[in-house]
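Read the structure below first, then the notes.
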């Protein structure tokens, strides 16, 4: 029962990433695309944590941590570049 | 195991769209962001193929570090371009 | 108890879905930014709390991840909003007031009155 509910949550998160892709393709300015990138990263962290429970490995949580840290740095660098103050 | 297959197919479609944007978009900034997102989803795909070490390396190098280095270099190029334009105006 | 944690995780996933739908439907950069940071932070934290209830042995690393998300997500949103304001992205037509512009103008007038100088350092780039 728990596995079925967690699989449903995984499917919902994948669908939300696919909807975010619409804004990434369509968005007018580049800040819109950076926001879409940020949302995809945060949703991917939740997805990796649920996958770690479904596959039963704790080491996947470390990957989620590295993932969040580096994408945070990337978003900061992109924003500084767009602001012309890098 | 079938739901993992469906997730892999959806991730593959998203990765194909990201690669198309990274190749065909006009703006350099958007192309670099799309390449970074491609690296992120490639990392999740490696994780589905049960290779956590490769996934960690891909998330560190392919998504984070390459994006940061690309934007650093773009910033340097932009400043030198602006200086040359100012010198040409004088 | 495990069922309760799984339902909390499902609730977090639904919050992520609402965030992505709002990202598509909102008219403006700033509204999209607001949707994309609040709902996403709540959804991710709810998912991780639900997983910590399902498997209590992993709660150390999950709490570390929760603290990390709570610290980094508002910071990146704030930096993006600052960049969007300084490169002067357009508002939607239903915007009522711009508090930052008003406060900058008031500050400039006050500095001129007090020190008699033009206060170039306070102006927006």
Original post:
Gain in length, residue C:71 to residue C:104, computed as 0.36 nm per residue apart minus the alpha-carbon separation, to one decimal in nm?
Top reply: 9.1 nm
**OP:** Could you calculate the FRET efficiency of residue C:112 with residue B:19 from 1/(1 + (r/R0)^6), where r is the beta carbon distance between them and R0 is 41 Å, rounded to 0.05?
**Re:** 0.15
Subject >> Ascending count of other beta-carbon atoms within 10 Å, so fewest first, for C:25, A:23, C:82 >> reply: C:25, C:82, A:23
Original post:
Using bins 10 angstrom wide from zero, how does P(r) for region A:2-82 break down, in % of all Cα pairs?
Top reply: 17, 41, 31, 10, 1
Original post:
Can you give the extra length, in nm with one decimal, that the chain gains between residue C:63 and residue C:93 once fully stretched, where that is 0.36 nm per residue apart less the Cα-Cα distance?
Top reply: 6.6 nm
**OP:** Describe numerically, in nm with one decimal, the distance between label points set 7 Å from Cα along Cα→Cβ at residue A:26 and at residue A:11.
**Re:** 2.5
**OP:** Within 10 Å of each residue's Cβ, count the other Cβ atoms and sort B:24, A:67 from fewest upward.
**Re:** B:24, A:67
**OP:** Provide the gained length on full extension for the span residue B:87 to residue B:74, in nm with one decimal, where the gain is 0.36 nm per separating residue minus the Cα-Cα distance.
**Re:** 2.7 nm
Original post:
Alpha carbon centre of region B:16-33 versus region B:35-60: separation in Å?
Top reply: 19
Original post:
Which value, in nm² and rounded to one decimal, describes the direction-averaged projected area of the C-alpha convex hull of chain C?
Top reply: 10.6
Subject >> Average Cα contact separation per residue, chain C, under 8 Å, 6 or more apart, as relative contact order % >> reply: 25
Subject >> Likely footprinting exposure, A:20, B:79, fewest C-beta neighbours within 10 Å first >> reply: B:79, A:20
Original post:
With no solvent and one point on each alpha carbon, what is the Debye value of log10 I(q)/I(0) for chain B at q = 0.12, 0.16 Å⁻¹?
Top reply: -0.49, -0.72
Subject >> Kirkwood-based shape ratio for the protein assembly as shown, expressed as Rg/Rh from alpha carbons >> reply: 1.03
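Read-outs throughout are calculated quantities, based only on the coordinates presented, and are distinct from any laboratory measurement. Here the structure is a predicted model, which is why all the values come from computation and not from measurement. Every residue, glycine as well, gets a Cβ built from its backbone with ideal geometry; the counts of neighbours run over all protein chains shown.
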